[in-house]
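Asker: Could you have a look at this structure, given as structure tokens, before my questions?
A short reminder: the numbers here are calculations on the coordinates, not readings from a lab. Please read these numbers as outputs of a predicted model, since none were measured by experiment. FYI the Cβ positions are ideal-geometry reconstructions off the backbone, even for glycines, and counts take in every protein chain you see.
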Amino acid sequence: MQENNKEIKECRLGVVRIRGDINVHPDIKKTFKLSRLYKKNTCVIFATKKEHLGMLDKIKDYATWGELNDETMHLLLTKRGRLAKKQPLTDQYMKEKLGISIQEFVAQFMAFKKELSDVPGFKRFFKLCPPVGGFERGGIKKPYSLGGVLGYRKDNINELIKRMI
């Protein structure tokens, strides 16, 4: 992971939990809880901060992550963004509460001018489906560098998230 930290620049990271809770060390369970990755196929968005990279290093055998682009972030917000009581996030709600559309919010969010916590009542995790076509051939127990799913995958996370939406 240390060599990968040098490659990651200031950007937004999409983190997807791949594996469940069975036979998981309590420290790793706590890290999942703190990062809001409550169940399998859940996605959260991190900034590239030292604290977040430490969390990713701890959960590297149970999750995958990479740099998000604007298009994928927009899809996540429009298709899987949820408010309280499981209501979907809409353009009308964003204009009512923040005065901007979802597209404008995504541009400001990716430029680090806004945060997901600025949207009142927004749940800061995204429940996803299993990927269409399945995971990579190596399975969910091998790192991405060896043909599996787990760990750092640069910008290929966008393709995985699009298949899971």
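Asker: Out of every Cα pair in the chain, what percent are spaced more than 22 Å from each other?
Answerer: 41 percent
Asker: Spin-label point model (7 Å from Cα, Cβ direction): what's the Leu98 to Ala47 distance in nm?
Answerer: Inter-label distance under the simple model: 1.4 nm.
Asker: Report the net charge of residues surrounding Lys40, where surrounding means a beta-carbon distance below 11 angstrom and charges are Lys +1, Arg +1, Asp -1, Glu -1. Display every interim value, and only then the final one.
Answerer: On the way: positive: Arg17, Arg19, Lys39, Lys127; negative: Asp21.
Net charge around Lys40: +3.
Asker: Here is a follow-up. Under a 5 Å amide H to amide H cut-off, with H placed in plane at 1.01 Å, what residues pair with Cys11 once short-range neighbours are removed?
Answerer: Result for Cys11 returns Thr48.
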